[in-house]
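Peer 1: This is the structure, below, for whatever I ask next.
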Amino acid sequence: THTHTHAHFSPHIYSFSSLQALDYLAIGIHELASISQCRLERLLNPALSDLPAFLVDDGGLNSGFMLAHCTAAALVSENKVLCHPSSIDSIPTSAATEDHVSMGGWSARKALTVVEHVEQVLAIELLASCQALDIQRPSETTAPLEAVHSLVRNQVKSWTKDRIMYPDIETATKLLQEEKVWKTVEPFMKDYFTHQETDFSLTSTSTHCGDLTTGETVDGQLTLAAKRHKSNN
C-alpha cells in the first residue's frame, strides 16, 4: 500500500509584533549607554568635576581616560544607527505574492549588538568611577559603592600612567555580564527595601512641600540602609 505524505507550509511571515518589540528593546537599552557617556564627560572634564583632566596625573604626558571616553562615544554613536527600527521595512517578493513582508529579521541580531555596546560603555564608566574614587582618597563613599570599588580593584589596578586599556575594559565588562557587580550591591538593596517602608512612615510625618530633609531623600535612605548593613556585619 502506497501512502501519500503531504507537507503543509504555513509560515508566519509578517512577524511585525515580535520584531517591533526587539526594536523597542534596542532603543530602550541604548539610553543606558547614552546617559553613561554623559556621566563620563562630567567625570573627565576638569571644568565640571574639579578632578584632574581625564583622571590622571601628569596630563599631557598621560592621556588617562581620554581615549576610553572616545571609545564610549563611538559606541554610543554607532548605536544611534543600529537603533533605527528595521521592523518598518517591507519589500514585495516572490512575484508580488508576498507583497507586505517585514524585512526586520535582523532586529534580534542588531539588538544583541546594541546590548554588547551598552555593556562596554558601562564598563568604561565603572573603571572611570573607581579611578575618581582613588583620586579622592582618603575620603570614602557609601558602603555599596565601596564594595563595588573593592570588587573592581581586585581585578583591575588603579591608573597611574598610560597603559593599554582594552584588557581592563574587557575585565570590567565581564564583571557586569556575570552579574558580579549586581551581586555585590544586592545585599545593600535588600536591606534598603526591607527598611524603606518603615523609614518612609517615620519621615513622612515631617514632610513639607519644598522642604524635604536629608533623611527623606532616596540618597538619605540608601545611606541609612548602608549603615545598618555595615553594623549588622
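Peer 1: Restricted to the stretch 25-54, and to residues that are of a type in the set (Ser, Thr, Tyr) and modelled with pLDDT of 95 or more, which residue is most open to solvent (accessible area, probe 1.4 Å)?
Peer 2: 34
Peer 1: Quick check: is even one residue across the stretch 181-199 closer than 25 Å to residue 69 by Cα, exposed (fewer than 14 other Cβ atoms within 10 Å of the Cβ), at pLDDT 65 or above and of a type in the set (Ser, Thr, Tyr)?
Peer 2: no
Peer 1: Would it be correct to say that residue 124 is among the β-branched types (Val, Ile, Thr) and within 21 Å of residue 54 (Cα to Cα)?
Peer 2: When the stated conditions are applied, residue 124 passes them.
Peer 1: With the requirement that a residue be open to solvent by less than 60 Å² (accessible area, probe 1.4 Å) and either closer than 15 Å to residue 71 by Cβ or hydroxyl-bearing (Ser, Thr, Tyr) (or both), what does the stretch 132-149 give you?
Peer 2: Across the stretch 132-149, the qualifying residues are 141, 142.
Peer 1: Also: Quick check: is even one residue across the stretch 104-126 modelled with pLDDT under 95, out of contact with any helix residue (DSSP H, G or I) (no Cβ under 7 Å at 6 or more places or on another chain) and in a loop (DSSP other than H, G, I, E, B)?
Peer 2: Scanning the stretch 104-126 turns up at least one residue that is modelled with pLDDT under 95, out of contact with any helix residue (DSSP H, G or I) (no Cβ under 7 Å at 6 or more places or on another chain) and in a loop (DSSP other than H, G, I, E, B).
Peer 1: Of the conditions (1) more than 30 Å from residue 23 (Cα to Cα); (2) in contact with a Cys (Cβ under 8 Å, 6 or more places away or on another chain); (3) aliphatic (A, V, I, L, M), residue 66 clears all except one; give me its number.
Peer 2: Result: residue 66 passes all but (2).
Peer 1: Further question: Can you say whether residue 57 is over 21 Å from the mean Cα position of the chain (by Cα) and modelled with pLDDT of 95 or more, as far as the supplied structure shows?
Peer 2: Taking the combined requirement at face value, the residue does not satisfy it.
Peer 1: Any idea which residue in the stretch 67-88 is least open to solvent (accessible area, probe 1.4 Å), counting only those that are under 15 Å from residue 27 (Cβ atoms), hydrophobic (A, V, I, L, M, F, W, C) and in a helix (DSSP H, G or I)?
Peer 2: Filtering first and then ranking leaves 76.
Peer 1: Counting just the residues of the stretch 151-169 that are part of a helix (DSSP H, G or I) and in contact (Cβ under 8 Å) with a residue 12 or more places away in the chain, which one comes out most open to solvent (accessible area, probe 1.4 Å)?
Peer 2: This residue is 153.
The values are calculated or read from the model by the stated rules, or taken from the named source; none is laboratory data. The shown structure was predicted, so the numbers you read here are calculated from the model rather than taken from an experiment. As a convention, Cβ positions derive from the backbone with ideal geometry for all residues, glycine included, and neighbour counts pool all protein chains shown. Surface areas here come from the heavy atoms of the whole protein model, side chains and all, with no ligands, DNA or RNA. Shrake-Rupley method; radii C 1.70, N 1.55, O 1.52, S 1.80 Å.
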